[in-house]
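Since every read-out is calculated from the coordinates, none of them should be taken as a lab result. Small disclaimer: the values here were computed from a predicted structure and weren't measured. FYI the Cβ positions are ideal-geometry reconstructions off the backbone, even for glycines, and counts take in every protein chain you see.
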Amino acid sequence: MTPSSDHRPPMVYMLHSGNLFGTERMALETLTGFPDYQPVIMAPPGPLMEEIRRRGIFHYPITSKADLIKALVELLRKHKHLVFMTTALLDVLCLSALNFVFRRKLSHLHLVHGGASDHLSYGRKKWMNHMKLTQVAVSDYVRQRLLMYGVKPEKIQVVGNFLSAETLANISRRAAFQTGAPLKGVIVSRVIPAKRVHLLFEAMERHSDLKMFSFDVMGVGGQVEILRARAQAGGLPIELKGFVDDVHQRLAGYDFLLHLNCEEPFGMVILEAIAAGIPVLVPDSGGTATIITNQSNGLSFKADDPDDLARALRDLHKKNAHQLNQLVAAADQLLANTYHIDTQVAAYRALLSP
C-alpha cells in the first residue's frame, strides 16, 4: 500500500539513521500505536529496512538532501493534514520551509532521544523555541538536559518509551527463579566508549571474586576487538558476541541485564529485559535512573564507579529466589502501568492537535 492509496492521514517518522538502535526501534513501536494513521518512515538505507518491510510500513529512502525535499514535497502535495515526528534539526528546517509554501495542517512533534554528543543531541534544540512544535523528551533526564541548553519549559513534554503488543509477544520469558545466586549476565549495547562497556572490565580486573559471574556482550562498535583482546589477556569471563539478530529470544537465557551508560536518555533494552523477566542493574544517573528504583524494581550502582559496580554485583549474587522474583514482579508492574502502550500513546495523542 502506498500513501496515495491509503486514506488515513499520514504519520511520518523522519529518522537520520537507518540502524536498528533504540531510536529506530522506538519509531517502529510508536507508529504501531496509531492504527488510525498510515505509517510512513523517512530514513537512510540500513538494517531498519527489513523490519519496515516486515511491518508493511511505507518507506522513503533518504540518501541526500534532494531525496528529503522530494519526499516532503510529494507528501505535502497529496495530503492536507499530516503528523510529522522529526529527530534532526535539518528535517525540522526543511519541513518548516516547505510548509510555508504548502500551508498544510501539521501536527509536528520533535522527538529528543539524546545521543553520544550533548552538542548534537541538545545543544541546538533552543533554536526551535519559536517554532510551532513540541519537543518530546523520552525521560525527565532528557528534559533536564534540554532545559540546561536553553529550551523553554513550555516547549517540552515528557513521553516515555513503550513496547507494542507485537513486540511483547516476540520476547521470550524467563522462568521464575528457583534458586538465588544469578551468575549469567548480559549487556546489550553498542561497544563504544560512550556506552561504558569497559567499566565491567575495570570492575572485574580490580575484584577477582567477580569472576564467579560470566557475561555476554551483544552489540557492535569500535571497541569490540580491543575489549575482546582485553578479556582474553586477563582471563575475564566476558564474551563479545558482536551483532545478534534475535536478542528478544535470547534475553530469557540470562539471569540479569547489566546496563552501564550513565548518560543514556532512556534505554529501550531496559523495557525489553523487564518483559523477558530478568532483573536489571543500571547506573544511578541518566535516563535509566528515572526508570529503575534501587532495591524495588531493579538494582543500581554509582555511575562510572567500578568499585560500586562490584558491590552491586555482589549484592545481586546474595539475593535469594524470592527476592529476585520480587524485583521481577515490581518491574512487571512498572511496564504494565507507567510504560504501557496505552498510557504513552494517550500522552502522544494529547499533543497532536495541529
Checklist entry - Once the dipole of the chain is set up with Lys and Arg at +1 and Asp and Glu at -1 on Cβ about the Cα centre, which of T32, G267, G219 lies farthest towards its positive end? => result T32
Checklist outcome for this item: Scan of the chain for trypsin sites (Lys or Arg not before Pro) in DSSP loops with at most 15 other beta-carbon atoms within 10 Å gives a longest site-free stretch of 174-301
Checklist outcome for this item: If R0 = 56 Å, then K80 and Q323, at their Cβ-Cβ distance, give a FRET efficiency to the nearest 0.05 of 0.50
Next on the checklist: Could you work out how much longer the chain between Q157 and A176 gets when fully extended? Use 0.36 nm per residue separation minus the Cα distance between them, nm to one decimal.
Outcome noted: 3.2 nm
Checklist outcome for this item: For region 190-305, the convex hull over Cα atoms projects on average to an area in nm² of 6.8
Item to check | Estimated Rh, the chain: Kirkwood, alpha-carbon pairs, angstrom | outcome: 21.3
Checklist outcome for this item: The distance between the Cα centres of region 301-341 and region 243-263, in whole Å, is 14
Checklist outcome for this item: For D304 and T63, extending 7 Å from Cα along the Cα-Cβ vector and measuring point to point gives, in nm, a value of 4.1
Checklist entry - How long is the gain from K211 to L120 if the chain were fully straight, where each residue apart is worth 0.36 nm and the alpha carbon distance is subtracted? => result 28.9 nm
Item to check | Extension gain from A233 to A169, taking 0.36 nm per residue of separation minus the Cα-Cα distance | outcome: 19.0 nm
